[in-house]
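Here is the structure we will look at, set down as structure tokens.
Derivation of every value follows stated rules applied to the coordinates shown; laboratory data play no part. This one's a predicted model, so the numbers in the text were calculated from it and none came from an experiment. Neighbour counts run over all protein chains shown; Cβ positions are idealised from the backbone, glycine included.
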Amino acid sequence: MRILLAEDDVALRERVAAALTDAGFAVDGAGDGREAEFLGQTEDFDAAVLDLGLPTLDGLSVLQRWRDAGRGFPVLVLTARGRWHDKLAGFNAGADDYLTK
């Protein structure tokens, strides 16, 4: 199973990628929103873990663009934004699940 991990915090991205790799997943990382959008549009992923606070293009915009383009892989939002309206925005943009850091 191939997962796209979009997280701008390098240390956190490395820790999450290591845990996913140890669990048997292949992980591709993206450090900003433009890179995440591009990879999600051009590569075949089985799932994505997406931070909302990405530089260059925020995670909600990335997710909306993926969904608008018909990209249907499951997306877990993993973010520091824990208010209910942030969660609602994530689900409305097409997130399959939402987890606060």
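Given the Cα-Cα distance of Asp58 and Ala19 and 0.36 nm per residue of separation, how much length would full extension add, in nm?
Stretched out fully, the Asp58 to Ala19 stretch lengthens by 11.6 nm.
Separation of segment 1-27 and segment 64-101 by C-alpha centroid, Å?
That distance is 18 Å.
With unit charges on the beta carbons (Lys and Arg positive, Asp and Glu negative) and the dipole taken about the Cα centre of the chain, which residue among Gly59, Thr21, Ile3 sits farthest to the positive side?
Of Gly59, Thr21, Ile3, it is Gly59.
So how much slack lies between Asn92 and Arg67, counting 0.36 nm per residue of separation and subtracting their Cα-Cα distance, in nm?
In short, 7.9 nm is gained.
Given the options Val77, Val16, Val27, which has the most mean-square fluctuation in a GNM of the chain, springs set between C-alpha atoms less than 10 angstrom apart?
With Cα springs under 10 Å in the chain, the top fluctuation among Val77, Val16, Val27 is at Val16.
List the GluC sites (Glu not before Pro) within segment 17-101 that fall in a DSSP loop (any state other than H, G, I, E or B) and whose Cβ has at most 13 other Cβ atoms within 10 Å.
Glu43
Which one, Leu76, Leu60, Leu12, has the greatest fluctuation when you compute a Gaussian network model over the chain with C-alpha springs under 10 angstrom?
Leu12
Can you give the alpha-carbon Rg of the chain over 2.2 N^0.38 Å, where N counts its residues?
Scaled against compact globular proteins, the figure is 0.96.
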